[in-house]
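What follows is a set of notes on a single structure, which appears directly below.
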Amino acid sequence: MADKHLSADLKAQIDRWIAKYPSDWKRSAVMPSLTIVQEANGGWLTTELMDAVADYLEMEPIAVYEVATFYSMYEHKPVGRYKICVCTNVSCMLCGSDEIVEHLQQKLGVGFGEVTTDGKFSLKEVECLAACGGAPMMQIGNKYYENLTPTQVDEILASLE
């Protein structure tokens with residue numbers, strides 16, 4: 001199954017992670033493998049892709065599903081080109097994340113777990129991004145945006161267009 005769903009390039013990327021672990025601990029590369037496959041698939045995982053990772057790492061599929069469903073960075077349905085993750089945990093909430101969420105939902109016309117009609121943005125509520133000192137904050141791709149105001153959110157979104 002891995003041959004059908006994992007290209008030679010994806011396997012090479014996964015192999016670099018497998019090499020970091022003892023040979024009998026191949027399964028330790030499950031998280032980076034899922035990340036690699038998810039990125040190659042436009043930001044989300046299918047059951048077939050998770051099965052291919054399981055096959056390639058010689059794991060039971062359920063063990064891969066457990067990882068992929070436990071961690072919030074793995075998506076199981078299509079996401080926008082820019083996935084906006086907004087922290088709504090206590091520190092961010094106390095510093096105004098509700099206002100940021102409301103502003104984003106109005107501006108984009110989507111709620112949490114939804115994608116804009118043009119496929120450009122998706123909005124996700126996340127529990128904690130470990131940037132409490134910069135609350136309220138959000139993450140887009142690998143970049144953190146902290147101490148947000150609605151005006152700053154508008155500027156950030158405009159920079160992505």
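The values are calculated or read from the model by the stated rules, or taken from the named source; none is laboratory data. Owing to the predicted nature of the structure, the values given are computational and were not obtained by experimental measurement. All Cβ positions, even for glycine, are placed from backbone atoms using ideal geometry, and neighbour counts span all protein chains on display.
Take the conditions outside any helix (DSSP H, G or I), in the same structural domain as SER7 (by TED's automatic domain parsing) and under 29 Å from SER159 (Cβ atoms) and apply them to LEU45. Does it pass?
Values: outside any helix (DSSP H, G or I): yes; in the same structural domain as SER7 (by TED's automatic domain parsing): yes; under 29 Å from SER159 (Cβ atoms): yes.
Spelling it out, LEU45 is indeed outside any helix (DSSP H, G or I), in the same structural domain as SER7 (by TED's automatic domain parsing) and under 29 Å from SER159 (Cβ atoms).
Looking at region 18-31, is at least one residue buried (at least 17 other Cβ atoms within 10 Å of the Cβ) and under 19 Å from LEU123 (Cα atoms)? Please lay out each step first, then the result.
The first filter runs over region 18-31 and keeps only residues buried (at least 17 other Cβ atoms within 10 Å of the Cβ), leaving 18, 26-27, 29-30.
Add one more test, that the residue is under 19 Å from LEU123 (Cα atoms), and what stays is none.
For region 18-31, residues buried (at least 17 other Cβ atoms within 10 Å of the Cβ) and under 19 Å from LEU123 (Cα atoms): absent.
Just for region 76-103: of the residues that are among the acidic types (Asp, Glu) and free of Cβ contacts under 8 Å to residues at least 40 places away in the same chain, which one is nearest to ALA131 (Cα to Cα)? Give the derivation first.
Residues of region 76-103 that are among the acidic types (Asp, Glu), as a first pass: 98-99, 102.
Those still in the list that are free of Cβ contacts under 8 Å to residues at least 40 places away in the same chain too: 98, 102.
Working: ASP98: 16, GLU102: 20 Å.
Among those residues, the one meeting the criterion is ASP98.
Out of everything in region 123-139 that is surrounded by fewer than 16 Cβ atoms within 10 Å (Cβ to Cβ) and more than 17 Å from ASP98 (Cβ to Cβ), what residue ends up being modelled with the highest pLDDT?
Filtering region 123-139 for residues that are surrounded by fewer than 16 Cβ atoms within 10 Å (Cβ to Cβ) and more than 17 Å from ASP98 (Cβ to Cβ), the one modelled with the highest pLDDT comes out as GLY133.
Would you be able to tell me the number of residues in region 126-160 that are free of Cβ contacts under 8 Å to residues at least 40 places away in the same chain and among the charged types (D, E, K, R)?
Within region 126-160, residues that are free of Cβ contacts under 8 Å to residues at least 40 places away in the same chain and among the charged types (D, E, K, R) number 3.
Between residues in region 47-75 that are crowded, with 22+ Cβ neighbours inside 10 Å and residues that are of a type in the set (Gly, Ala, Ser) and not in a helix (DSSP H, G or I), which pairs lie under 9 Å by C-beta distance while being six or more apart or on different chains?
Once the first residue is crowded, with 22+ Cβ neighbours inside 10 Å and sits in region 47-75, no partner that is of a type in the set (Gly, Ala, Ser) and not in a helix (DSSP H, G or I) comes close enough.
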